[in-house]
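Undergrad: Handing you this structure, nothing more for now.
The values are calculated or read from the model by the stated rules, or taken from the named source; none is laboratory data. Every value quoted in this text rests on a predicted model; they were computed, and no experiment measured them. So basically every Cβ, Gly included, is an ideal-geometry build from the backbone, and we count neighbours across all protein chains shown. Areas reflect the complete protein model, heavy atoms only, side chains present, ligands, DNA and RNA absent. Shrake-Rupley method; radii C 1.70, N 1.55, O 1.52, S 1.80 Å.
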There are 2 protein chains.
Amino acid sequence: MAASSSRRADVAPRQLTRFLKAVAAEIGDEWVFDSATDVASYQDVFALGDPRLHSPAGAVAPLTAAQVQTIVRLANRFKVPLWTISRGKNFGYGGAAPVMRGVVILDLTRMKRIIDVDEKLAYCVIEPGVGFYDLHAYLRANGIRLWMSCLGNSLGSVIGNALEHGTGITPYADHAMNLCGMELVMPDGDIVRTGMGAMDDNPTWHLSRHGYGPGWEQMFTQSNFGVVTRAGMWLMPEPEGTLSMTMNADKPEDIRWIVDTLGELRTKRIITQATTVRNYMRWAALDSVRSDWYDGPGAMPDEVIERIRQKYGVGWWNINFRLYELPEVNDAHARFIEEKFKAVTDNRFEISRWRQGDPPALSGESLPGVGSMQMVNWAGGRGGHVGFSPVLPLNGELAFAQFDRTRVRMKEFGFDYYGSMYLWERAITVISQIFFDRDDAQMLERVHGLFRALIADAAQNGYGEYRTHIDFMDDVARSFAFNNHALLRWNEKLKDALDPNGILSPGKQGIWPARYREEA
Amino acid sequence: MAASSSRRADVAPRQLTRFLKAVAAEIGDEWVFDSATDVASYQDVFALGDPRLHSPAGAVAPLTAAQVQTIVRLANRFKVPLWTISRGKNFGYGGAAPVMRGVVILDLTRMKRIIDVDEKLAYCVIEPGVGFYDLHAYLRANGIRLWMSCLGNSLGSVIGNALEHGTGITPYADHAMNLCGMELVMPDGDIVRTGMGAMDDNPTWHLSRHGYGPGWEQMFTQSNFGVVTRAGMWLMPEPEGTLSMTMNADKPEDIRWIVDTLGELRTKRIITQATTVRNYMRWAALDSVRSDWYDGPGAMPDEVIERIRQKYGVGWWNINFRLYELPEVNDAHARFIEEKFKAVTDNRFEISRWRQGDPPALSGESLPGVGSMQMVNWAGGRGGHVGFSPVLPLNGELAFAQFDRTRVRMKEFGFDYYGSMYLWERAITVISQIFFDRDDAQMLERVHGLFRALIADAAQNGYGEYRTHIDFMDDVARSFAFNNHALLRWNEKLKDALDPNGILSPGKQGIWPARYREEA
């Protein structure tokens, strides 16, 4: 189906067995997996087709960076490609599954040390197996007043999410930019520490954005150039107060003034949160399934949408954001924001406030959760979802056009439109979720057709996705075509130089090592 | 003297001539320089010894990225190493001069197109030859209300400064982090655009921090891996108001509470500026020379320091910062800051305010200037300066200890202490300036001895410099010794893979290509 699915690691069974045995001798039998049941547990739970097309041949689960080194060296010796996962909960993008069948999963779930948390300087140092719940539990248990930036699916890894350019909604929402100081096992098994950590015992490893010389950290995000075995992550000091502002808007085209008005406030840093705007579908999909409302083919008609909005009391679009500052500063900002909106709409904000000392439940702290995963059941059957997420200039007219194009395409392919937008300081991520029944082969075909059409539509307008599902990594990589795919050629050049045996995560983000590239 | 000074490019005169002729045929005779006078103009004007130890063999000045490509390809063919400068005003770090004698300067001064400025989304796209004055003049001439982040020496390049991890004092002070989207000529002559710019005509090239796949921009800062031929740079929208706060402190040890109190405000983003704290020497050196005060040997005695402070009405340490927000927000923050300081000192802030509509001269906008370069004349004769700039945790006790160690060392080597500190959100750069008479060979010997002692002292405490002079690039690189200099070995591995002929800026930040590495 997807081009990437057709590739398979060229590892002979005997070679694989020898590799797994050698690893077992180093890290213990119980941390090497190759039974059918074990292997199946690494499949994509929301696969867009037969999950066996992305089935690994086995998995190994080291406990320490030294064990990761050993495994990477053995992988080089036996020419066995690995696929690194932190906790494997990258749902909607492939979960734990590799792009290429037959690789061995390098599963870092056991590396879950919380090495350091500094409340005053507001950062933590953690291993990739540390999940959002783990870190949150640690902060609570130790009374540390630092706030995290969590996700709708918080089962995953804090570091893994940041490495994939995952986003939250607080002022620390751009998770990759809050990574500071990494330890890496390189494709040749060497250990490198980035930034100030390249000096022994340098206490600014996780404090200074820059070291001496070239900066390397972002190279290891959405990447197959190294294995991150620990990283520093900046956390937000508990604010003195928060103020939440909510407004609904009635018409699809209202997104124009919503984006332009919020956008100016974001660029000026009056609002420092990664502001979200979502359509009514969020409320419907959290609380119900499609067949509760409608069982006809194609996208739901407008009268059904009207009933949904009535029931949940939501707008076509729904704005919600928070201010995280001194209470009187939040109030001053709220007044300024209200004035800006009065110029473009008669709608008014609902406001709620919290200050230190008030009940914590009302603070608006971003807490780990899994509730929003409920949405995947929308289409019926065993549910699944995949998101299409191009990045646009922070501009209302362009955001409307992208939304409208996507809605038309989704209708054309028979899907209900679910949209949410993330407003950054100068750009906006326009996310559309496609929900499907993963046992409905015909529907999955439509998902593929729709997704490829969306990639092409976006590229025609000059927009690219910030992240994508393993089935589409090659397609999206190819859409970045400037100068005969110069960036892809650059990535491949580095891949070949640093990882000549093509050991680490072949095909990730469309970057293939030479030995598998020729098959393309 | 410095180890790095002893290396020389192994280019035979005939080979050099052939290269320069080939370049001249492509870009025009008038943009190829090899006369003694021309070459001397690229020497370090603040050289810490004989400037001829860093003398280039010639210079070439392309106008376009295509010409840069041509030059890089010819340099590969003729095996002539280049040293890239944007405008060559990297004073205190080597100016336009290369680490290694005998290279050819790749001078990008002529590439000074201001390609785009977007007031609403608050960014510009410029070439490396664009200076701070150029960009400022453009903004003013076009009535664009975006503020820059300028330096005491604003002769330099906006991009060049950001690439060297240069810093200003506004909320946009970490210039490298405001770079967004680059065009690069790679060592093999290929052109790559980073981030979203890897897609043809993608309008988010300079708006989105992330593209698809690994992030590359920071790799090209303090780097010899590519030539930046244009970049996007985020600028600050003119704030609604500013509020300036100034406080003096009497005793050297006051730096403890200054750093801790300001530090908390920085980590919590109540103060968003890269806050500076400076000692009295700034005022003395801006307005006078040492011999106006004292002509004895060694560091100035305390009674002279007292006279200086009296005359300029300054403290031992002097705090000044600005708030850049809505006027009522600035007031609320100022009250909060005053309360925090009341807990640790009886000193009070002097406050001044500006709001949109008030005379622009009082706004506190960061304007280009050269005034602070006057300080280099402090030591007498033809002046020069070099800064020692380790990064520490944002902690008063540690900052005091580093300051005190440095002051003792400077006294030991006979220099007056000049200190300034830049407070970031979690780290602090403790900068000490050494002023010298560049015609006093004995004094220059002392500068070298002092500087090497400072590098060693800092490394012993686990601290590294964020940037250094060409004479010390190898020393500082060697101080990053984790895992048998893993980071340096990584840098060298990439250098050899990407630039096998060692064409681009050999020795920059201690990164030597294989052909010159063996000499070390």
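Undergrad: Give me the mean projected area, in nm² to one decimal, of the convex hull enclosing the Cα positions of the stretch B:417-520.
TA: Here the figure is 8.7 nm², rounded to one decimal.
Undergrad: Calculated from DSSP H runs of 4 or more alone, at -39500 (n - 2.57) each and per residue, what is the 222 nm mean residue ellipticity of chain A, nearest 500?
TA: So the helix-based figure for chain A works out to -9500 deg cm²/dmol.
Undergrad: Sort B:46-55, B:334-343 by the packing proxy (mean of other Cβ within 10 Å over each peptide's residues), most packed first.
TA: B:46-55, B:334-343
Undergrad: Using the Karplus equation 6.51 cos²θ - 1.76 cosθ + 1.60 (θ = phi - 60°), what ³J(HN,Hα) coupling, rounded to whole Hz, does each residue of the stretch B:202-207 give in order, writing x for Gly and Pro?
TA: Listing the rounded values in order: 6, x, 9, 3, 9, 10 Hz.
Undergrad: What does the structure give for B:478-485 when I average, per residue, the other chain Cβ atoms found within 10 Å of the residue Cβ?
TA: Whole-number average of other-chain Cβ neighbours for B:478-485 is 5.
Undergrad: In addition: Give the relative contact order (percent, whole number) for chain A; include only Cα pairs under 8 Å separated by 6+ residues.
TA: 17 percent
Undergrad: Further question on the same structure: For A:Gln15 and A:Asp404, compute 0.36 nm times the residue count separating them, minus their Cα-Cα distance, and round to one decimal in nm.
TA: Computed gain between A:Gln15 and A:Asp404 is 134.9 nm.
Undergrad: I would also like to ask the following. For the stretch A:114-237, compute Rh as the Kirkwood radius over C-alpha pairs and then the Stokes-Einstein diffusion coefficient at 20 °C and 1.002 mPa s; write the answer in µm²/s, rounded to an integer.
TA: 148 µm²/s
Undergrad: Shortest first and in nm to one decimal, what separations exist between B:Ala137 and its copies in the other chains, measuring from label points 7 Å along the Cα-to-beta-carbon line?
TA: Listed shortest first, these distances are 6.4 nm.
Undergrad: Please list, ordered by chain and number, the residues whose modelled amide H lies under 5 Å from the amide H of B:Trp83; skip anything fewer than 5 residues away on the same chain.
TA: For B:Trp83, the qualifying residues are B:Val104, B:Ile105, B:Leu106, B:Ser505.
Undergrad: Going 7 Å from the Cα of A:Ile115 in the Cα-to-Cβ direction, what parts of the stretch B:466-485 have a backbone nitrogen less than 17 Å from that spot?
TA: B:481-485
Undergrad: Sum up the charges of everything whose Cβ sits under 13 Å from the Cβ of A:Glu127, counting Lys and Arg as +1 and Asp and Glu as -1, but leave A:Glu127 out.
TA: In short, +1.
Undergrad: Please list the radius of gyration and Dmax for the protein assembly as shown, considering alpha-carbon atoms only, with Å as the unit.
TA: When restricted to the Cα atoms of the protein assembly as shown, Rg and Dmax are 29.0, 95 Å.
Undergrad: Which whole-number value in Å² is the accessible area per residue of the stretch B:114-237, probe 1.4 Å?
TA: 23 Å²
Undergrad: Still on this structure, I have one more. Taking amide hydrogens as modeled 1.01 Å from N in the peptide plane, which residues meet the under 5 Å criterion relative to B:Trp512, leaving out close sequence neighbours?
TA: B:Gly507
Undergrad: Taking each residue in A:187-197, count the Cβ atoms of any other chain within 10 Å of its Cβ, then average. What number comes out?
TA: 5
Undergrad: Tally Lys and Arg at +1 and Asp and Glu at -1 over the other residues with C-beta under 13 Å from the C-beta of B:Leu139: what net charge comes out?
TA: -4
Undergrad: Under the classification rounded if a/c is under 1.5, otherwise prolate if a/b is larger than b/c and oblate if not, where does chain B fall, given a ≥ b ≥ c as square roots of the Cα gyration tensor eigenvalues?
TA: Because a/c hits 1.5 or more and a/b fails to exceed b/c, chain B counts as oblate.
Undergrad: Can I ask one more? Can you list the HN-Hα couplings for the stretch B:104-119, worked out from phi with the Karplus curve (6.51, -1.76, 1.60; θ = phi - 60°), rounded to whole Hz and with x for Gly and Pro?
TA: 10, 6, 9, 9, 9, 3, 6, 7, 10, 7, 9, 7, 7, 9, 10, 5
Undergrad: 7 Å along Cα→Cβ for the label point: how many nanometres lie between B:Thr246 and each equivalent label in the other copies, listed shortest first?
TA: 4.9
Undergrad: Now for a separate question. What ³J(HN,Hα) values, in whole Hz, does the Karplus curve 6.51 cos²θ - 1.76 cosθ + 1.60 give for the stretch B:222-232 when θ = phi - 60°, with x put for Gly and Pro?
TA: Each residue of the stretch B:222-232 in turn: 6, 9, 10, 9, x, 10, 6, 9, 6, 7, x Hz.
Undergrad: I would also like to ask the following. Under a point spin-label approximation (7 Å from Cα along Cα-to-Cβ), what is the B:Gln460-B:Asp292 distance to one decimal in nm?
TA: Those two pseudo-labels are separated by 3.7 nm.
Undergrad: Continuing with this model, one more query. How far is the Cα center of the stretch B:442-517 from the Cα center of the stretch A:357-389, in Å?
TA: After rounding, the separation between the Cα centres reads 48 Å.
Undergrad: How large is the charge dipole for the protein assembly as shown, taken about the Cα centre, if only the Cβ atoms of Lys, Arg (+1) and Asp, Glu (-1) carry charge, to the nearest 20 debye?
TA: Dipole size: approximately 1340 debye.
Undergrad: Follow-up question, since we're still on this one. List the residues, sorted by chain then number, that are 5 or more residues from B:Thr229 or on another chain and whose placed amide H is less than 5 Å from its amide H.
TA: The list, which skips near neighbours in sequence, is B:Glu183, B:Leu184, B:Val185.
Undergrad: Can you compute the charge dipole magnitude of chain B about its Cα centre, using +1 on each Lys and Arg Cβ and -1 on each Asp and Glu Cβ, nothing else charged? Give it in debye, rounded to the nearest 20.
TA: 680 debye
Undergrad: What size of dipole, in debye to the nearest 20, comes out for the stretch A:114-237 about its Cα centre when the only charges are +1 on Lys and Arg C-beta atoms and -1 on Asp and Glu C-beta atoms?
TA: Computed about the Cα centre, the dipole is about 400 debye.
Undergrad: In what sequence, highest mean first, do A:213-221, A:377-385, A:455-463 appear when ranked by Cβ atoms within 10 angstrom?
TA: A:213-221, A:377-385, A:455-463
Undergrad: Okay, moving on. Let me confirm one metric for peptide B:237-244, namely the mean number of other chain beta-carbon atoms within 10 Å of its residues' beta-carbons.
TA: Average per residue, whole number: 1.
Undergrad: Sorted by mean Cβ packing within 10 Å, highest first, what order do the peptides A:78-87, B:352-361, A:495-504 take?
TA: Peptide ranking by packing, descending: A:78-87, A:495-504, B:352-361.
Undergrad: Shortest first and in nm with one decimal, please list how far the B:Pro360 label point sits from its counterparts in the other copies (point 7 Å along Cα→Cβ).
TA: Shortest to longest, the spacings are 5.1 nm.
Undergrad: To the nearest 100 Å², how much accessible surface do chains B and A hide from each other in total, with a 1.4 Å probe?
TA: Accessible area lost upon association: around 8100 Å².
Undergrad: Which value in Å does the Kirkwood hydrodynamic radius of the stretch A:1-139 take, with 1/r averaged over all unlike C-alpha pairs and then inverted?
TA: Value: 15.9 Å, from the Cα pair sum.
Undergrad: Smallest Cβ-to-axis distance in chain B, for the rotation taking B to A: which residue, how many Å?
TA: B:Ala497, 2
Undergrad: Hey, another quick one. So what is the relative contact order for the stretch B:359-429, in percent, with contacts set as C-alpha pairs under 8 Å and at least six apart?
TA: About 30 percent, as a whole number.
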